[in-house]
Amino acid sequence: MKIHYGTALGAVALVAVHILFRMTQKFSDSLQYQNVIANYHFLPYALMLEVVLVLLSVHGFNGLRVILLELKQGVAYERAINYGSIAAMVALVAYGSRTILMAGMGMS
Amino acid sequence: MAERLSNREGIKGMANPTRYGIERVAYWLQRLSGLGLLAYLIGHIYETSSIVDGRVAWEKMLELTQTPQGHIILTIVIGMCVYHTANGVRVMLGHGGVGVGRPGQPEYPYKAASLNYKQRLCIWVSIALAALAMMYGAAVLFGD
């Protein structure tokens with residue numbers, strides 16, 4: 001539960017910053033290509049996005065794991081859910097990190 | 001064995017928000033909003049990944065998401081996010097023993113001290129905050 005609560009509190013704070021960043025200008029303007037790319041080129045913000053990505057992936061897939069374990073029990077089932085959640089977490093973090101890295105390094 | 005299995009409702013039992021009052025509804029909404037937010041997170045990460053394919057791909061993706069339907073989905077996501085956060089803080093505090101009352105001798109009609117008016121009020125406040133955030137979000141998204 002400590003992981004779930006810790007990631008929740010961290011994510012709430014950082015997602016608030018992420019949303020406030022969108023509100024520094026008109027919402028549709030903030031989504032313009034050059035503005036989004038500029039966000040990724042700003043290193044502190046890119047690092048924050050990476051942290052948000054990790055926190056939300058861990059929180060989200062741990063939550064899904066808890067729901068699925070509450071639904072059904074059994075050694076093989078629980079092992080599959082535990083390892084499946086970790087694999088999904090890693091895959092999502094890897095895919096999101098790829099975007100942050102490539103956009104941040106101007107590889108788009 | 002047959003009796004044990006007949007008591008097992010499985011996913012139907014989990015998906016049923018009734019029978020146990022507002023606390024059960026709060027639990028159900030927390031689970032539902034959590035699943036919705038996870039689906040949104042995956043979609044959002046996929047959506048933003050189009051930026052690495054250049055301006056044209058990004059603008060194509062925006063054409064798909066910046067529509068009235070997209071704004072309605074985003075408004076629902078805002079509501080889910082605010083409810084999940086506010087109710088999650090309530091659950092966290094309750095887990096830490098805040099606002100759940102003092103333990104005492106069970107007395108008729110055996111009302112659980114932890115399911116008191118403070119907890120119920122917090123659930124309603126969470127729902128109200130989510131509704132307000134949705135209204136604000138919709139005003140920003142559709143007013144753009």
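The values are calculated or read from the model by the stated rules, or taken from the named source; none is laboratory data. Because the structure is a prediction, the values reported are computed rather than measured. Every residue, glycine as well, gets a Cβ built from its backbone with ideal geometry; the counts of neighbours run over all protein chains shown.
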List every residue pair whose Cβ atoms lie under 7 Å apart, where the two residues are 6 or more positions apart in sequence or sit on different chains, the first residue falls within segment B:132-144 and is facing chain A (nearest Cβ under 10 Å) and closer than 15 Å to B:Pro68 by Cα, and the second residue, located anywhere, is assigned to a helix (DSSP H, G or I) and modelled with pLDDT under 90.
B:Val140/A:Phe27; B:Leu141/A:Phe27; B:Asp144/A:Phe27; B:Asp144/A:Ser28
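Which residue, of A:Ser28, A:Ser57, is of a type in the set (Ser, Thr, Tyr), more than 18 Å from the chain's Cα centre (by Cα) and facing another protein chain (nearest Cβ under 9 Å)? Don't jump to the end; show me each part of the working.
On the way: A:Ser57 fails: more than 18 Å from the chain's Cα centre (by Cα).
Just a single option satisfies the conditions, and that option is A:Ser28.
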Inside segment B:1-61, counting only helices (runs of 4 or more DSSP H) that do not spill past its ends, which hold 1 or more residues that are modelled with pLDDT of 95 or more and surrounded by 14 or more Cβ atoms within 10 Å (Cβ to Cβ)?
B:21-48
Looking at segment A:22-68 only, could you name the residues that are surrounded by fewer than 15 Cβ atoms within 10 Å (Cβ to Cβ) and either in contact with a strand residue (DSSP E or B) (Cβ under 6 Å, 6 or more places away or on another chain) or touching a residue at least 24 places away in the same chain (Cβ under 8 Å) (or both)?
A:His41, A:Leu43, A:Val51
Which one of these is at the interface with another protein chain (Cβ under 10 Å from one of its Cβ atoms), of a type outside the set (Gly, Ala, Ser) and loosely packed, with under 14 Cβ neighbours inside 10 Å: A:Leu71, A:Leu92?
A:Leu71
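Could you say whether any residue in segment B:45-57 is closer than 19 Å to A:Thr7 by Cα and free of Cβ contacts under 8 Å to residues at least 24 places away in the same chain?
yes
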Based on what the data block shows, is B:Ile11 closer than 19 Å to A:Thr7 by Cα, within 11 Å of chain A (Cβ to nearest Cβ) and out of contact with any Phe, Trp or Tyr (no Cβ under 7 Å at 6 or more places or on another chain)?
no
For segment B:63-84, indicate whether the set of residues that are in a loop (DSSP other than H, G, I, E, B), touching a helix residue (DSSP H, G or I) at 6+ places or on another chain (Cβ under 8 Å), surrounded by 15 or more Cβ atoms within 10 Å (Cβ to Cβ) and within 11 Å of chain A (Cβ to nearest Cβ) is non-empty.
yes
